[in-house]
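Beneath this line is the structure, given in structure tokens, with notes to follow.
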Amino acid sequence: MVLKMHYQWTFWVLLGGFSAIWYSWYHRDVITCASHFNAETQVRLDYINICLSYPFVEGAGEDIGEGEVGQRRYLFFYRWVHWALLLLAAFYYIPRKLSKTSENSKVKKLIEDLAVNAHRYDGLERELVERTAKYIAFNLKTHNGLYYKYVTCNLVALLVDIFTFHFLDFVFQGRFLRYGFQAFPFNRDPQHFTDYMSEMFPPFADCELHNEVQLTNKRIERLGCHLTVMELYEKVFLVLWIWLIMMTTITAGYLIFLALMWFPRPRLLMLRVAKPVSAKDTIRNTICSIVSTCKIGDVYLLYRLKQHFSHARYYELLTRLSDPDFLRTMLDSVAIDHHHGHNKGAAPDLRQRKPNPKSPGKFQDVLFGTPGEGGYLPNSSILVE
């Protein structure tokens, strides 16, 4: 679920923010400017284009004293910030690609079968318990890689969350990390715009055209501009800040939860279920007998399987796995590692098999006996260039 919150939910949150801002940029006026020299004169479009890229505000609020002129802060993000959201949406798909490349195909198929039939309460559920017990018995102590890969995917998701915070903090010139804390309780100052949200997303800014701009005949032109999309920015990024705080907290907590699987007491609590009426032993004893023979990957797999069974069927699964006779029976049925020697009634060892003799035939003799046609020359297959 944590990975899904990243590669699916957060992906669509970022894509939704990008779409909302992109729509505002192409379907409404995003800036309105007036000249300080003559406010009645209509501002040229080439001037407005420069003001979209280089609006600035003087030091605001607590940064300067009364009557002082502060250092300019250019709002470089105003024109391009929605493309940053699109880039971050691509980053949030990294955990998905990583999880797909590290999947255990057999475990994935087993969980899919259980999920499809989770609503069944007839005899099929008993068959699923039997199938699951046989799989775990055959593959006991081989699932550590599954656990480590899953931890790695969640760790990458946490790193993406942290990267997103710092990337947006860089985009907003060091003001995004503390945005939600400083803006609370969201009291606004519509007269002087000294509140934190208005300082981070100033609705009004200045624009200066000077000699380096090469458009004003070597005179300085000062414009005052209303950045209309700033009102949308402050709401979109406040929601995104709250969402990222939730995602980072949940992901970090889930990684701690996965780390607790190394300790005996948390293992007992994770695998614990309600004791059914038909139970002959305590849940604690049953789980302890299983955990003593399992590795960390097996414990993680049992925890994942828990959500697909009822309490009674899951207890039945634990009982089967805690039975040493059942495990011995399953392992004894695997004959690939047995050396039968001269036992004539035993099944042949597949590892000692020899190539099948070539059946005689005119066509095959010609094909495999002709130089250059796969007979004598090495690497003469059509699969080798």
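Bear in mind these aren't lab numbers, they're just calculated from the coordinates by the rules spelled out. What you see is a predicted model, and the numbers here were worked out from it, not measured in a lab. Ideal geometry is used to build each Cβ from the backbone, glycine not excepted, and the neighbour counts take in all protein chains shown.
Listed values, structure above:
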item	result
Descending Cα extents along the principal axes, the stretch 237-278, whole Å	54, 25, 8
Pairs from 97/235; 106/295; 149/235; 106/149 whose Cα-Cα separation, in the structure shown, is over 25 Å	97/235; 149/235
Amide hydrogen neighbours beyond the local backbone of residue 204, cut-off 5 Å, H modeled	227
Hydrodynamic radius of the stretch 219-307 per Kirkwood, over alpha carbon pairs, in Å	17.6
Footprinting exposure proxy for 291, 239, 81 (fewest neighbouring C-beta atoms within 10 Å first)	239, 291, 81
Percent breakdown of C-alpha pair distances by 5 Å bin, ordered from the shortest bin, for the stretch 1-42	5, 18, 13, 11, 11, 11, 8, 7, 5, 5, 4, 2
Coordinate range along principal axes, alpha carbons of the stretch 160-291, Å, largest first	94, 31, 20
Residue 31 long-range amide H proximity, modeled H, under 5 Å	228
Karplus-derived 3J(HN,Hα), 6.51/-1.76/1.60, for each residue of the stretch 293-301, Hz, glycine and proline x	9, 10, 9, 4, x, 5, 5, 4, 5
Neighbour-count order for 268, 244, fewest beta carbons within 10 angstrom listed first	268, 244
Whole-Hz ³J(HN,Hα) from phi, Karplus 6.51 cos²θ - 1.76 cosθ + 1.60, for the stretch 166-174, glycine and proline x	6, 5, 5, 5, 5, 4, 9, 6, x
